[in-house]
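A.B. asks: Before I ask anything, here is the structure I am working with.
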Amino acid sequence: MGGADFYSYFKEKGQYIMIKLIVSDVDDTLLPESTMDLNPEYFEVIKKLQEKGVIFVAASGRQKVSIKKVFAPIQEEIAYLADNGTDISAGDFVRSMKFEEGDYAKLAQDLDALSSQGFTYMPSMPDWNFVNEAREDFYQVVLGYGCQVKKVPNLKALPDISKVSLYHPDGIPADVEQTMKERWSDKMDVCIAGSCYLDFTKKGCNKGKGLSLLQKHYGITYEETAAFGNADNDISLIEKAKYGYAVGNASEGLKKAAYEVLVPMQEDAVLGKLKEILEEME
C-alpha cells in the first residue's frame, strides 16, 4: 500500500470519530410504518453512543407522544423533531413552527374538495392530531401510531396548525401530488411521507430546518452530524448532515441525495450503521 493510499485508508476508517449528533427518521427507517415495537438492541447501542458524547434525535412525521412511546426506555435521554420537524424538543430547548394565518384554512378548503375521491386529512399541532369525525377508518389508522387524536366536525376551523397530512388508504396518486405542489409550493413544503401520506408544512419548516436549529443550539456542525431516512420528507434532513444515509427501501429521491445507501429497514439498516460508528469510537 502506497503512502497516499495508506493515509486515505486510515482517514476513511476513522471518519465517524468526529460524529456528535445522530438523527433518524422512524417509520420505514427504524421500524415498519405505523408500528410501535423497535428492536430493543437500538436502545443499548444508543446508550453506548451517548456515553461517547453523541446526541441522538428521533425525527418523524409522528406526534412527539407517539415517538416517545417507541423510545420508551430512553425517552428522557433523547431529543425530538416531531411533526416533520415543526415540533422541536431537546430538554429545555423547545420550539414550534406553524402555518401563516389564513394559509391553513385555504389549504383545508382544497383538501376538502378531494373527500369525494376517498381522501381525508389530518391537521396537527404539538401534542394533538385531529381527524374528521365521519372518518372512523382513518381515526383507527391514526390510533395505531400511538398518537393523541381528537375527532372534530370541522377540520377547517382549527387554529395554530403546524402540519397537515393528506391521506388515502391506497396511496397518493402522482397527479394529486403534482397538483398540490403546483398550488402550494410557494407557501408550503409539500412532500410525500410514506406511501399513503402527502405532508404540508410552512415553507422552510421541515426536518432539515429543525435539525439546523438543534445544530445551532448544541454548537454542532454539518461535519459532525449523521442522519438516516427513507422518504422524500427526509431529504431536507440528510442534506444537513455530512453522513446522510438512505435505507435500502428508501424513495429514489432520497437515495440520490444520500451519502450512502444502506440495506433495507427490514434488515436493521440503521442499527448496523450505528454499531459501525460505535465501533470506531471504542
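Read-outs: derived from the displayed coordinates by stated rules, not from any lab. Computed from a predicted structure; not experimentally measured. A quick note on method: Cβ atoms are made from the backbone with ideal geometry, for glycine too, and the neighbour counts reach across all protein chains shown.
A.B. asks: Region 59-101: percent of C-alpha pairs farther apart than 16 Å?
C.D. replies: Roughly 33 percent, rounded to a whole number.
A.B. asks: Around N206, which amide H atoms from residues at least 5 apart in sequence, or from another chain, sit under 5 Å from its own amide H, with H modelled in the peptide plane?
C.D. replies: Here nothing satisfies the definition.
A.B. asks: In debye to the nearest 20, how big a dipole does region 184-252 give about its Cα centre with +1 on each Lys and Arg Cβ and -1 on each Asp and Glu Cβ?
C.D. replies: Roughly 300 debye, rounded to the nearest 20.
A.B. asks: Nearest 5 is fine: what % of DSSP beta bridges in the chain come out antiparallel, could you say?
C.D. replies: 50
A.B. asks: Spin-label point model (7 Å from Cα, Cβ direction): what's the E51 to E223 distance in nm?
C.D. replies: 2.9
A.B. asks: Return the inverse of the average 1/r over all pairs of distinct C-alpha atoms in region 198-252, which is the Kirkwood hydrodynamic radius, in Å to one decimal.
C.D. replies: Values: mean 1/r = 0.0861 Å⁻¹.
Kirkwood hydrodynamic radius for region 198-252: 11.6 Å.
A.B. asks: Let me check against my output: what whole-number percent is the relative contact order of region 103-202, with C-alpha pairs under 8 Å and at least 6 apart? Numbers along the way, then the final one.
C.D. replies: On the way: 144 pairs, mean separation 25.3, N = 100.
Reported as a whole number, the value is 25 percent.
A.B. asks: Sticking with this one: Dipole of the chain (Lys/Arg Cβ +1, Asp/Glu Cβ -1, origin at the Cα centre): which of A226, G244, Q215 lies farthest to the positive side?
C.D. replies: Going by the charge dipole, the pick is Q215.
A.B. asks: Where Lys and Arg each count +1 and Asp and Glu each count -1, what net charge lies around E76 among other residues with Cβ under 14 Å from its Cβ?
C.D. replies: Around E76, the surrounding residues sum to +2.
A.B. asks: What nm distance separates the two modelled labels at A134 and D110, each placed 7 Å from Cα along Cα→Cβ?
C.D. replies: Inter-label distance under the simple model: 2.2 nm.
A.B. asks: Still on this structure, I have one more. What order, most packed first, do the peptides 109-120, 75-86 have when packing is the mean number of other Cβ atoms within 10 Å of each residue? Mind dumping the intermediate values first?
C.D. replies: Working: 109-120: 14.2, 75-86: 23.7.
Going from most to least packed, we get 75-86, 109-120.
A.B. asks: Could you give me the ³J(HN,Hα) list for region 263-277, computed from phi with Karplus coefficients 6.51, -1.76, 1.60 and θ = phi - 60°, whole Hz, x at Gly and Pro?
C.D. replies: In residue order, the calculated couplings are 6, x, 3, 4, 9, 6, 4, 5, 4, x, 5, 4, 5, 5, 5 Hz.
A.B. asks: Quote the Stokes-Einstein diffusion coefficient, in whole µm² s⁻¹, for region 13-57, based on the Kirkwood radius over alpha carbon pairs, a temperature of 20 °C and a viscosity of 1.002 mPa s.
C.D. replies: For these conditions, the coefficient is 181 µm²/s.
A.B. asks: May I ask you to list the lysines whose Cα is less than 25 Å away from that of K181, ignoring any residue fewer than eight positions away on the same chain?
C.D. replies: K98, K106, K156, K163, K202, K203, K207, K209, K240, K255, K256
A.B. asks: Moving on. Pairing the Cα long axis of helix 207-218 with the longest principal axis of the chain, what angle in degrees results, from 0 to 90 and rounded to the nearest 10?
C.D. replies: With rounding to tens, the tilt is 50 degrees.
A.B. asks: Expressed as an acute angle from 0 to 90° and rounded to the nearest 10, what is the orientation of the C-alpha long axis of helix 174-184 relative to the principal long axis of the chain?
C.D. replies: 80
A.B. asks: Taking the C-alpha atoms of region 172-232, how large are the radius of gyration and the largest Cα-Cα span, Dmax, in Å?
C.D. replies: For region 172-232, the Cα-based Rg and Dmax read 14.1, 42 Å.
A.B. asks: Could I ask something else about it? Give me the percent of Cα-Cα pairs in region 103-202 that sit more than 23 Å apart, rounded to a whole number.
C.D. replies: Values: 826 of 4950 pairs.
Here the long-distance tail beyond 23 Å is 17 percent of all Cα pairs in region 103-202.
A.B. asks: Cα axis of helix 3-13 to longest principal axis of the chain: angle in degrees, 0 to 90, nearest 10?
C.D. replies: Relative to the chain, helix 3-13 is tipped by roughly 50 degrees.
A.B. asks: Let me have the relative contact order for the chain, percent, based on Cα pairs under 8 Å that are six or more residues apart.
C.D. replies: Contact order relative to length: 20 percent.
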